[in-house]
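A quick write-up on the structure given underneath.
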Amino acid sequence: MTIEPGRSAATDAGPNEAELERRLTQTWSSQRGFWGAVASVDHKVIARRYIVTALVFLALGGLLALAMRIQLARPEARFIDADRYNQIFTMHGSNMMFLFAVPVMEAMAVYLVPLMVGTRNIAFPRLNAFSYWIFLAGGLLLWISFALDTAPDVGWFAYAPLSGPEYGAGKRADIWAQMITFTELSALAIAVEIVVTVLKQRAPGMSLDRIPLLVWSMLVMASLVIMAMPAIMFASSTLIMDRLVGTQFYNPAEGGDALLWQHLFWFFGHPEVYIIFLPAVGMVSTILPTFVRRPIFGYLPLVMALIATGVLAFGLWVHHMFVVGLPRLGESFFTASSMAIAIPAGIQIFCWLATLWAGRPVFKVPLLFLIGFIVTFVIGGLTGVMVASVPFDSQVHDTYFVVAHFHYVLIGGAVFPLIAAIYYWFPKMTGRMMSERLGRWAFWLIFIGFHVTFFPMHILGLQGMPRRIYTYQPDLPWGTLNLFVSLSSVVLSLGFLIFFIDIIRSWSSGRPAGENPWNASTLEWATGSPPPPYNFRAIPVVDTRDPLWSQPDELPVTSGLRSDRRELLISSVVEALPEARESSPQDSVWPFWAAIATSIMLIWSIFSPWAIVWGSVPIAVTLIGWFWPKGAAEDES
Amino acid sequence: MKERMILDVSRLPLHATGTASPTWWGTCAFMLIEGSGFGLVIAIYLYLMSLAPHWPIDAPPADLWAGTSLTAMLLASVVPNIWVSRWAQQRNLKKVRLGLVLMSFCGMAPLVFRAFEFPALHVRWDDSAYGSITWTILGLHTVHILTDLVDTLVLACLMFSRHGDNARRYGDVEDNALYWHFVVITWLPLYACIYWVPRL
């Protein structure tokens with residue numbers, strides 16, 4: 001192809017840089033004011049909202065954890081009563097899994113994937129806006145019900161029959177189930193956007209073997225969401241139906257089965273762990289090379305490990321159900337598959353160690369959290385192999401050993417890399433650096449605080465302390481360790497407090513970052529910090545895995561996209577050869593109204609089945625408003 | 001950073017068609033979501049059946065006529081659906097309009113038979129787990145038909161409006177046709193589950 005400047009009405013080939021930037025800004029910016037903000041479909045704006053909201057839920061969930069630690073600090077404490085305690089541990093788990101961990105990982109994908117693949121917006125940006133409003137509504141439903149003392153109290157996995165019509169009186173279990181529907185709906189929407197963005201909107205030349213590892217991990221995560229989430233949506237909907245209209249799915253007296261609930265929940269619930277964990281390892285594989293000044297060791301094995309983990313994720317769910325009395329053969333199969341997951345995990349660990357070994361590490365805050373991750377996750381992985389064994393699991397099932405194990409893999413395996421990622425990409429998102437000094441304080445307090453809080457829980461578990469008890473008697477041998485754990489949790493909380501203070505302070509008054517403060521190699525660092533609404537003045541062309549390292553001074557780019565309408569480059573799936581110029585939708589308030597209509601229908605349907613019928617009418621109206629062309633240049637081709 | 005232009009994309013088409021189109025991939029992703037859902041529903045049906053001493057639980061097998069007529073009708077609708085898709089590929093506005101009207105009827109007619117399928121089960125949703133799963137399967141598939149019907153109706157109105165004659169709209173028509181094929185194909189194993197598995 002040859003350069004033919006100014007061929008059509010207004011492309012990015014003709015004018016000088018300043019004029020082009022002015023035109024692109026005009027085309028891609030959102031309107032000012034409240035409704036402009038509501039209507040925005042810029043992936044960066046929506047991702048930022050998502051991340052901030054998820055971090056607020058993290059802080060709230062942390063406060064609940066502290067409340068539980070105060071209650072458990074000494075035997076027979078009276079700080080929280082049994083009913084409130086049931087609500088609090090249910091809220092803590094549900095909130096951390098569904099309102100923090102999964103959404104924050106997806107939000108990072110929404111922010112980073114379009115930038116890393118070199119495109120101007122995410123695929124289906126209005127769906128993206130819709131997804132955020134739905135997520136927010138689900139979060140509000142849960143937390144408002146908690147404020148009204150009607151929060152769910154059946155545990156984060158809401159086992160039937162405890163959550164069924166016989167034992168779960170009131171609307172508490174319904175609120176849990178419908179919160180699930182909200183968050184899964186929003187997660188599914190994002191998953192579709194990520195898959196299509198990665199497969200169809202990559203910069204020319206970014207063939208499948210040149211995709212940044214974070215993008216690979218998000219692609220695998222999105223595929224897991226697509227195949228795992230329908231199970232939980234079916235489960236939560238049928239639970240509400242059992243409770244509202246008397247279906248018999250989970251009632252053994254009428255041919256139903258309580259264990260069906262567990263199968264459905266864990267068929268989703270185990271992949272859920274990898275939905276949280278895979279983005280985290282993608283972050284590690286992407287951040288690590290920057291701080292050891294060399295390309296990642298073992299790109300191909302790392303990609304294969306991501307895919308293998310994704311596939312194995314669907315063959316593990318029964319290891320959550322070892323004590324329910326399943327056939328021996330099945331248990332042996334699931335033990336083997338649970339242990340097999342250690343292979344791709346091990347491959348990744350060794351690739352990271354090799355990268356560290358062969359590089360020249362620069363110990364900035366993100367790298368500290370990555371090393372903290374490797375140490376903590378290996379310990380969590382080891383206890384994981386232990387509980388994969390049926391005889392061992394039968395001993396420690398439902399004890400604090402399991403609580404310790406999953407906090408090691410979730411906080412160690414996902415939150416540590418997430419904090420590294422926030423320190424690493426904060427300059428890109430806000431244009432300002434976070435503090436190295438506060439970051440180091442935060443790291444040591446969180447790292448030490450985490451281990452002294454959660455390691456003793458292994459011992460408490462081995463001593464027989466069950467999960468979910470609101471208090472214990474003084475003659476049981478758990479008092480001292482519990483007091484120690486509770487005091488340690490204050491150290492951990494202090495670390496998180498400093499981390500939050502650092503975010504708020506740096507956002508307003510951090511040192512200006514510039515385009516590429518870490519001298520990193522991936523495309524998001526080839527544009528401004530924060531990036532302009534159109535992401536890239538010209539779409540980059542890629543011919544290596546580390547484009548900014550192979551040509552540090554010059555960025556090869558394309559020309560010829562229109563600047564007077566929102567236009568993207570569509571490329572082929574495998575080789576990323578340019579195929580077409582496709583328009584990207586304008587801002588719209590309709591996704592917001594569609595989310596309001598959907599929320600009304602979903603909440604109403606807790607109370608009446610007719611909500612499905614009548615509540616669908618406004619949803620249909622808003623969807624028609626959303627998709628009906630308004631005569632803008634973006635609506636036509 | 002200094003930019004060096006090495007590739008001009010201004011001559012590329014303004015709309016990606018067929019498998020090159022992001023909308024096609026989006027539609028496939030949604031079909032995968034729903035396909036996983038329907039696969040799961042079938043697994044649950046078989047799971048509940050494996051637990052029950054008799055299947056169906058306290059009910060005769062469902063009457064065949066309504067479900068079988070609906071199945072025949074859905075299968076027949078595949079032919080005009082292929083036509084519409086072809087006409088959209090040829091960007092033949094007149095025929096696409098005609099085809100969408102035809103497909104709207106193809107979406108409505110099965111609903112009449114669906115109304116008779118529920119009583120033909122001879123069981124209520126709250127009688128037993130058998131009733132619950134069969135009503136749920138029929139309900140989900142009814143929603144499936146309804147969703148595509150509304151989409152077809154709106155698209156038909158759109159094609160009669162001034163926005164109709166546009167490459168992007170023809171792409172929408174093709175994706176809508178693809179989705180209808182999916183509605184028909186997913187019904188076949190569900191039909192087998194509801195009507196024939198209890199007779200085995």
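Observations
- For the chain pair A and B, the interface hides roughly 5700 square angstrom of accessible area in total, found with a 1.4 Å probe.
- The mean count of C-beta atoms from other chains within 10 Å of the C-beta of residues in B:15-28, rounded to a whole number, is 6.
- For A:TRP176, the solvent-accessible surface computed with a 1.4 Å probe is close to 0 Å², ligands and nucleic acids excluded.
- Listing of the stretch A:189-205 residues, each with accessible area lower by at least 30 Å² in the full protein assembly than in the chain alone (probe 1.4 Å): A:VAL192, A:VAL196, A:LYS200
- Around A:LEU99: net Lys/Arg minus Asp/Glu count, Cβ-Cβ under 15 Å: -2
- Summing charges over all other residues whose Cβ lies under 10 Å from the Cβ of A:LEU20, with Lys and Arg as +1 and Asp and Glu as -1, gives -1.
- Each peptide in A:193-206, A:523-536, B:25-38 gets a packing score, the mean of other Cβ atoms within 10 Å over its residues, and the list from highest to lowest is A:193-206, A:523-536, B:25-38.
- Stretchable slack from B:LEU14 to B:LEU75, in nm (0.36 nm times residue separation minus alpha-carbon distance): 18.4 nm
- Per-residue average of Cβ from other chains inside 10 Å of A:232-239: 2
- The protein assembly as shown shape via C-alpha gyration tensor axes, a/c threshold 1.5: oblate
- Probe 1.4 Å, accessible area per residue of the stretch A:105-148, Å²: 18
- Within the accessible area of chain A (1.4 Å probe), percent carbon and sulfur: 69
- 5 angstrom amide H check on B:MET5, placed H, neighbours 5+ away: A:VAL557
- Shielding score for B:122-129, defined as the mean number of other chain Cβ atoms within 10 Å: 5
- Tensor-based shape of the stretch B:109-200 (alpha-carbon gyration tensor, a/c under 1.5 rounded, otherwise prolate or oblate): prolate
- Packing-based ranking, highest mean first, of A:310-316, A:154-160 given that Cβ atoms within 10 Å are counted: A:154-160, A:310-316
- Distance between the pseudo-spin-label points of A:LEU148 and B:ARG91 (7 Å out from Cα toward the beta carbon): 5.4 nm.
- Distance between the stretch A:425-493 and the stretch B:157-200 - C-alpha centres, whole angstrom: 52
- Computed over chain A, the per-residue total of -39500 (n - 2.57) for DSSP H runs of n ≥ 4 gives a 222 nm mean residue ellipticity of -20500 deg cm²/dmol, rounded to 500.
- Couplings for the stretch A:341-352, taken from phi via the Karplus curve 6.51 cos²θ - 1.76 cosθ + 1.60 with θ = phi - 60°, read 5, 5, 5, x, 5, x, 4, 5, 4, 5, 5, 5 Hz in order; Gly and Pro are left as x.
- Average accessible surface for the stretch B:21-199: 42 Å² per residue, computed with a 1.4 Å probe over protein heavy atoms with every protein chain in place.
- The stretch A:525-581-the stretch B:71-102 distance, computed between alpha-carbon centres (Å): 39
- Rolling a 1.4 Å probe over the protein heavy atoms of the stretch B:78-120, with every protein chain left in place, gives an accessible area that is 70 percent carbon and sulfur.
- Most to least packed among A:90-99, B:95-104 [average Cβ atoms within 10 Å]: A:90-99, B:95-104
- Estimated from the Cβ-Cβ distance and a Förster radius of 30 angstrom, the FRET efficiency linking A:SER608 and B:ALA109 is about 0.50.
- Nearest-20 debye value, the stretch B:21-199 charge dipole, Cβ charges on Lys, Arg, Asp, Glu: 760
- Remark: the stretch A:507-523, residue by residue, has Karplus-estimated 3J(HN,Hα) of 4, 8, 9, x, 5, x, 8, x, 4, 9, x, 9, 6, 8, 10, 9, 5 Hz, where x stands for each Gly or Pro and the curve is 6.51 cos²θ - 1.76 cosθ + 1.60 at θ = phi - 60°.
- Which of A:ILE539, B:MET108, A:GLY61, positive extreme of dipole for the protein assembly as shown (C-beta unit charges): A:ILE539
- Distances between placed amide hydrogens fall under 5 Å for A:LEU568 paired with A:GLU582, A:SER583, A:SER584, all partners being 5 or more residues away or on another chain.
- Most to least accessible of A:PHE373, A:PHE334 (protein chains only, probe 1.4 Å): A:PHE334, A:PHE373
The values are calculated or read from the model by the stated rules, or taken from the named source; none is laboratory data. The shown structure was predicted, so the numbers you read here are calculated from the model rather than taken from an experiment. As a convention, Cβ positions derive from the backbone with ideal geometry for all residues, glycine included, and neighbour counts pool all protein chains shown. Ligands, DNA and RNA are excluded from the accessible area calculation, which covers all protein heavy atoms including side chains. Shrake-Rupley method; radii C 1.70, N 1.55, O 1.52, S 1.80 Å.
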